[in-house]
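Taking it in order: structure first as structure tokens, then the write-up.
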Amino acid sequence: MDDFAQASAVENVTCPFCGLLCDDLTVERDTAGALRVGKNGCSRSITFFERGTPPLLPRLGGEDASLQDAIAGAAEFLRRAHHPLIAGLGTEVQGMRAVTSLADKLGATIDHMHSKGFMRNLLVVQNSGWLTTTLTEVRNRVDLLVIIGTDVVSLLPRFFERVVWNRDSLFGQDTAQREIVYLGGQNIDTTAGIAPDGRKPEVLPCEPERLPEVAAALRALVAGKKLAATEIAGIATTALEKLAERLKTARYSVFTWSARAMDFPHAELTVQNITETIKILNQTTRSSGLPLGGNDGDVSINQVSAWISGYPVRTSYGSGHPEYDPYHFSTDRLIDRGEADVLVWISTFDPGRIPPATNLPTIVLGHPGMKFDQEPDIFIPVGVPGMDHRGVLFRMDGVVALPIDRLRSSTLPSLGEVLAAIEQAL
Ligand code: SF4
């Protein structure tokens, strides 16, 4: 049993603050319970682990309140609601189980803060399927990595250290010889793509909103078509032809992209052009996709939603059974059109993820460090999973679920405990 009053260094800590779930951190705890990242942290993990969380009472109607009163107040709001929306959903597996149970009881709709990007990928899976891979496969097999429209590291800071420039690989590959191509995007920081021997990555930039043309052109070239244009979105067609040839001769190419960063209309069609290119390549060699994500629990909560209801989020329990609609059940739409009458906003990892501005009665269950422009009707600070209580998170590739541990003494309840108490009080 851990004695949280003792100073100690905890090894092999799993970091919950991005979809990589690095499990090699050392986190030191002093006698006052303050945490410090000792080994293997990135700047994000240091910011999140070392952020102090002063004791904080729940807030009810703009005043400090007891936890019991705040729970009773939340239950009262929800009892009167006809169409509650439970959104944000920055939580882990156990928290999401409690969300789903409450949504079922209330007839609520559930949606995640990163669904806009997540849905761009999901629409492709539902429409035409895709071939994707895991971090482990990338770590052990990739020889050509094509990074589309993102720097990767602003989402997953240790991506290159952990899965690209890793020194050891299972099959004796010389990982330092891996080739990196950044395709699309402007002013992307490509420093992380420089090989250990100083080789620079190839960079083929274009305006982010012109990525659809580039992805379509690359698909056509890989399929053996000829293009009459001499340039596509500022990229020479000859450069794209060379890339198509490199992809055909590579033994294991991987395309990676951030659907969240593809903020232009019908971005799912660009994702589909990437995934269809991968299918063509697999007729003669090996190629896979690696969609980036996993932050704020987005992969985990969709896994839980899928195994409980058969659907991802943007699912409503309003008609007495789960009903999925990626368009009608988006947070923005439900709020803008006045179709929800109470908002429950959840963000347990990141205090910066505050609820959208709205006139709806709002209940926030979140990180104790949250600061609001507009104070919600009820704020219940809850523990941070992986620091204040245990939990389980899925890695960004969705194939590995890792336990996250408690690292310090905390009086904060977990999200699951608060939601269960609200459900009981209804
Ligand atoms: S890369 Fe992600 S999981 Fe790894 S230490 Fe940084 S924030 Fe944590």
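The values are calculated or read from the model by the stated rules, or taken from the named source; none is laboratory data. Keep in mind that what you see is a predicted model, and the values were worked out from it rather than measured. Please note: Cβ atoms are built from the backbone with ideal geometry, for glycine as well, and neighbour counts cover all protein chains shown.
General observations
- Qualifying residue in the range 65-81 (condition: under 30 Å from GLY318 (Cβ atoms), in contact (Cβ under 8 Å) with a residue 40 or more places away in the chain and either within 13 Å of the ligand (Cβ to nearest atom) or among the acidic types (Asp, Glu) (or both)): no
- Some residue of the range 153-170 being touching a residue at least 12 places away in the same chain (Cβ under 8 Å), more than 28 Å from ILE232 (Cβ to Cβ), in a loop (DSSP other than H, G, I, E, B) and more than 16 Å from the ligand (Cβ to nearest atom): yes
So that you can scan it fast, the table gives a plain yes or no per residue for (1) outside any loop (DSSP other than H, G, I, E, B); (2) buried (at least 22 other Cβ atoms within 10 Å of the Cβ):
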{"site": "ARG210", "(1), (2)": "yes, no"}
{"site": "ALA215", "(1), (2)": "yes, yes"}
{"site": "LYS242", "(1), (2)": "yes, no"}
{"site": "ASP263", "(1), (2)": "no, no"}
{"site": "THR270", "(1), (2)": "yes, yes"}
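- Here MET119 fulfils each of the conditions (1) closer than 24 Å to PRO376 by Cα; (2) not in a loop (DSSP other than H, G, I, E, B) apart from (1).
- One residue stands out among those in the range 18-49 that are assigned to a helix (DSSP H, G or I) and buried (at least 20 other Cβ atoms within 10 Å of the Cβ): the one that is farthest from the ligand (Cβ to nearest atom), which is PHE49.
- Pairs are defined by a Cβ separation below 6 Å, a sequence spacing of at least 6 or placement on different chains, a first member in the range 231-253 that is closer than 22 Å to SER288 by Cβ, and a second member that is among the polar types (S, T, N, Q) and crowded, with 20+ Cβ neighbours inside 10 Å; the pairs so defined are LEU247/SER253; SER253/SER287.
- Pick from the range 42-67, criterion among the hydrophobic types (A, V, I, L, M, F, W, C) and at pLDDT below 95, ranking: nearest to ARG162 (Cα to Cα): LEU56
- One residue from ALA75, ALA87, ALA70 being of a type outside the set (Lys, Arg), surrounded by 24 or more Cβ atoms within 10 Å (Cβ to Cβ) and in a helix (DSSP H, G or I): ALA70
- Of the strands (runs of 3 or more DSSP E) entirely within the range 358-405, those holding at least 1 residues that are farther than 26 Å from ALA72 by Cα occupy 391-394, 401-404.
- The single condition among (1) over 22 Å from THR275 (Cβ atoms); (2) touching a strand residue (DSSP E or B) at 6+ places or on another chain (Cβ under 6 Å) that ASP197 does not satisfy is (2).
- Boolean, ILE354 is surrounded by fewer than 24 Cβ atoms within 10 Å (Cβ to Cβ), in a helix (DSSP H, G or I), at pLDDT 95 or above and in the same structural domain as PRO413 (by TED's automatic domain parsing): no
- The listed residues are ALA108, ALA87, and the only one of them that is farther than 26 Å from THR136 by Cβ, more than 20 Å from the chain's Cα centre (by Cα) and away from the ligand (no atom under 16 Å from the Cβ) turns out to be ALA108.
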